[in-house]
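Structure record follows, encoded as structure tokens.
Bear in mind that the values in this text are calculations on the coordinates, not laboratory data. All of these numbers come straight from a predicted model, not from anything done at the bench. Positions of Cβ are backbone-derived with ideal geometry, glycine not excepted, and every protein chain shown enters the neighbour counts.
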Amino acid sequence: MNGAGIIQGMIETARNFAGSYHDPERLTTVQYPEEKLPPVENARTIPFLVYDGGDAMAGLRCTACTICEKECPPQCIYIIKDLAKKPDYVGKMQLQPKVFDIDMSVCMSCGICVEVCPFDAIKMDQVFELSTSDRFLGLLFHKEQLAKPNGYFSQLHKTEAAEIDARRHEDKRKAEASAAARAAAAKPLPPGGVK
Amino acid sequence: MRGLDQIFVWIGREVAGWAPAPAQPLVSAILIIAGIMAVFGTCFALTTIAERKILGRMQNRFGPNRVGPCGLFQPLADAVKMLTKEDIVPFSADKTLHFLAPLVMTTPIWLAFAVLPFGRNMSALDLDSGILFFFAIGSASELAVFMAGWSSQNKYSLVGAMRAIAQMISYEVPLVLSTVPVLMLAGSLSLNEIVAAQGTHTLGGLARWNVFTPWGLAGLLLFLIAATAESNRSPFDLPEGESEIIAGYLTEYSGFKYALFFLGEYLGLFAITGLAVTLFLGGWRAPFQWLEWVPSWLWFGGKFGVLIFLFIWVRATLPRLRLDQLLNFSWRFLAPLTLINLAVAAAWHWTGAWESAAAAPVRWVLCAALIALPAHWLGRALRGAVPPPRKYHYAE
Amino acid sequence: MLNEIAFLLCAALTLAGAVAAMTLRNLAHCALCAAGAFAGLAAIYLQLDAEFAGFAQLLVYVGAIAILILFTVLLTRGAEIQPGGPAASTSRGMGLGVGALVTACLIGAIMASPGLRGHAPQTVHAPVKRIGEQLMNQYVMPLEAIGLLLTAALLGAVIIALREPPKEPPAP
């Protein structure tokens, strides 16, 4: 028939119109900013620094090895090492960063810094509401702004965080065991010398 | 319920009575003009927001809903934007024509509202040749389109204006011809008489609207298609399609002049819808005799609203036609059909004696076939032969 | 009194439009002023209570013929032709003379017509129905003849438009 396609089209749009009042499939708009879409597991926007424990600066996992600074393609990371060392989670003394700046207007979210970090210290975040009215320094994030707790990281990526935590726990246990063994081996000699 | 029906007429007469006797016709005329402008101005504002919201819902999204409850103050925001925009006139543009084009577009269309009967005793001018006045006034807006396109000294504007004028004059033929059966069977060019001719009732109290006859139904469909094309609305909005030619003849217009063109376009739509309601849908008459107590202007408004919703619905559904498809459709399908419709109306008139319960369906089916078959054949001829079902060959 | 003022205004509009259509430089402006002259003529018809003639004039002349003229101007690049010629040439003088002669003949004929001498006739009430009846009964032959003429013109236009433009010879 001549107008069959038009009639079919009009029935479909009428269904859209009527359905948009009661059927969520027919009205798929999410009214941002009142409603937000649920976050997606592997989305990534900008990097952040992970810290363990309560104190952000004392618990930072970053040891200022500057691998991420060297590997970053647009070179947006700027690190100055602090020569005062502090013990890490296994007790070994490590350096720490005095200045750790990332220029988020340059960062291209490639995630290479995350891939090369040997200490699981820098991970990708999912925040995107970064607009600021400060045109010069508004998007230059310092280590205080970049530091976020491990709990936050496990919220974003539960399995990965669990794996990292398990590994670190295992390493810590082994380090403690070997330290205990060394402490036991380094006990003072019994009087009368060793036979 | 006579009181509510005639309330506007009564108000007009009372207010005009306060003026001194020699100035009364003038005051009465001014009141009518002010009333029409107020009603259709508000209608324009409401239609812009209703269109955007209905289009949105049909496209699985909300329409504007930030300004005011459900976005109802959006027309105010649009008005403020249009009024405060800088009025840019191109340096090499023809200044007089560029300025006059929006005026020449809008003024005749306000005139066209004068002959429409909005209710019982509620038409501003009872002209003997009302329809001729309507079409004569409507054809003046094509000059405005040319003036707009030519004065902008812009190739895109000129091409857009040429295409717009070609479209408008092509679709005037089916527009006018599809109303001729109505005039033929009503016996008059006056719109009040046409509404009166649709005032009798058949068995069951169903009113004898023109749309309940085969030629009336076909005529209404043809008229509505031609009206969509005359108002440059989707799917015939090639002259001003944003993705086609920027804005066609409206490219160089900004601010209030653009708002005037916009207003003129929507007012043209309202005028043609009012005419469709008057000619085919019985004007201000109720569909059933026992519904006559509802005020006549409410019936007019209701039918008007239904037709506007139909226009918006078609806009949401159909893609834009190309220029050659458009012109072929008008000259090779609509125009011959309107001529055949004339013959069908004549056949209907000659079989006017077939009123009994047995003969009336025969009359209807016969006349309907007389127009449906040529429509089918013409559609086939326009589309080309239907291709055979596709045969798929797969690699072995 | 009001009638005369209305007539003078309509006549002034028509004359101004016609004079502008003859004298303006820009051809598209001329076409639009001609449309204005047509509208003035329609106003004169309406002022004489000839509703049908007035609206038909608007519909046909302003709505169709003015558009036709505009299309012609645009499609044939007429707008680029510059009006030229010295101000006081012989052709201009001859033109003025012929124009004055024609005007004198017309004015003489109008002044000598018997219609001006008698009293003004009563306004004939001419509803569209009566015009239609006259066209179908008394004037059916001229109506059919005009229809035939229009059909011939339409067919001729279509045939002319159908013809392929002649192939250009290759440039030497």
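Take the Cβ-Cβ distance between B:ARG322 and C:VAL60 as r, set R0 to 30 Å, and report the resulting FRET efficiency rounded to the nearest 0.05. Before the final figure, lay out each step's value.
Working: r = 30 Å, r/R0 = 1.00.
It comes out at approximately 0.50.
In the frame of its principal axes, chain C has Cα extents of 74, 46, 27 Å, reported largest first.
Local charge for B:LEU310 was computed over the other residues whose Cβ lies under 14 Å away, with Lys and Arg +1 and Asp and Glu -1, and equals +2. In terms of its C-alpha gyration tensor, segment B:318-396 comes out oblate, because a/c is 1.5 or above while a/b does not outweigh b/c. Taking all C-alpha pairs of the protein assembly as shown, those more than 45 Å from each other amount to 47 percent.
Report the relative contact order of chain B, percent, no decimals, based on alpha-carbon pairs under 8 angstrom and at least 6 residues apart. Display every interim value, and only then the final one.
Numbers: 526 pairs, mean separation 78.8, N = 396.
Relative contact order, chain B: 20 percent.
In chain A, helical runs assigned H by DSSP with n ≥ 4 each contribute -39500 (n - 2.57); averaged across all residues and rounded to the nearest 500, the mean residue ellipticity at 222 nm is -10500 deg cm²/dmol.
With the highest mean first, a sort of the peptides B:127-133, B:27-33 on other beta-carbon atoms found within 10 angstrom per residue produces B:127-133, B:27-33. Full extension of the chain segment joining A:HIS169 with A:ARG15 gains 49.7 nm, where the gain is 0.36 nm per residue of separation less the Cα-Cα distance.
Separation of segment B:119-145 from segment B:225-302 is 14 Å, based on Cα centroids.
Counting only chymotrypsin sites (Phe, Trp or Tyr not before Pro) that DSSP places in a loop and that have at most 15 other Cβ atoms within 10 Å, the longest clean stretch of chain A runs over A:22-127.
Looking only at other chains, what is the average number of their beta-carbon atoms within 10 angstrom of each beta-carbon in A:27-35?
Details: counts 6, 2, 5, 0, 3, 0, 0, 0, 0.
Mean number of neighbouring Cβ atoms from other chains: 2.
Take the Cα of C:THR90, step 7 Å toward its Cβ, do the same at A:TYR32, and the gap between the two points is 8.2 nm.
If R₀ is 51 angstrom, what is the calculated FRET efficiency for the pair A:ASP23 and C:ASN137, using the beta carbon separation as r and rounding to 0.05?
E between A:ASP23 and C:ASN137, to the nearest 0.05, is 0.20.
Protection proxy ranking of A:63-73, B:16-26, C:9-19, by the mean of other Cβ atoms within 10 Å over each peptide's residues and highest first, is A:63-73, C:9-19, B:16-26. In this structure, the pairs whose alpha-carbon distance is over 22 Å, taken from B:LYS85/B:LYS155; A:LYS98/A:LYS148; A:LYS143/A:LYS172; A:LYS81/A:LYS148; A:LYS86/A:LYS174; A:LYS36/B:LYS81, are B:LYS85/B:LYS155; A:LYS143/A:LYS172; A:LYS36/B:LYS81. The Cα-based radius of gyration and maximum Cα-Cα distance (Dmax) for segment B:1-84 are 18.8, 58 Å.
The distance linking segment B:146-203 with segment A:1-80 is 51 Å (Cα centroid to Cα centroid, whole angstrom). In terms of its alpha-carbon gyration tensor, segment C:1-80 comes out oblate; a/c meets the 1.5 threshold, while b/c is at least as large as a/b.
The alpha carbons of segment B:78-130 occupy a box of 50, 26, 8 Å along the principal axes, longest dimension given first. Within the listed set B:PRO64, B:PRO117, B:PRO102, the residue fluctuating most in the Gaussian network model of chain B (springs between alpha-carbon atoms under 10 angstrom) is B:PRO64.
Using only the Cα atoms of chain B, build the gyration tensor, take square roots of its eigenvalues as a ≥ b ≥ c, and label the shape rounded, prolate or oblate: rounded if a/c is under 1.5, else prolate if a/b is larger than b/c, else oblate. Each step should come with its number before you reach the end.
Values: a/c = 1.66, a/b = 1.04, b/c = 1.60.
Because a/c hits 1.5 or more and a/b fails to exceed b/c, chain B counts as oblate.
To the nearest 10 degrees, how steep is helix A:4-19 against the longest Cα principal axis of chain A, on a 0 to 90 scale? It is inclined by approximately 60 degrees.
Taking a straight Cα-Cα cut-off under 13 Å and skipping sequence neighbours fewer than 8 places away in the same chain, the aspartates and glutamates within cross-link reach of A:LYS92 are A:ASP171, A:GLU176.
Straight Cα distances below 17 angstrom link B:LYS95 to the aspartates and glutamates B:GLU86, B:ASP87, B:GLU252, with same-chain residues fewer than 8 positions distant left out.
The phi-based Karplus calculation (6.51 cos²θ - 1.76 cosθ + 1.60; θ = phi - 60°) puts the 3J(HN,Hα) values of segment B:45-62 at 4, 5, 5, 4, 6, 4, 4, 5, 6, 5, 4, x, 4, 6, 9, 6, 8, 6 Hz, whole numbers, x for Gly and Pro. Find out how many positive minus negative residues lie around A:LEU27, taking Lys and Arg as positive, Asp and Glu as negative, among other residues whose Cβ is under 14 Å from that of A:LEU27. With Lys, Arg at +1 and Asp, Glu at -1, the neighbours total +2.
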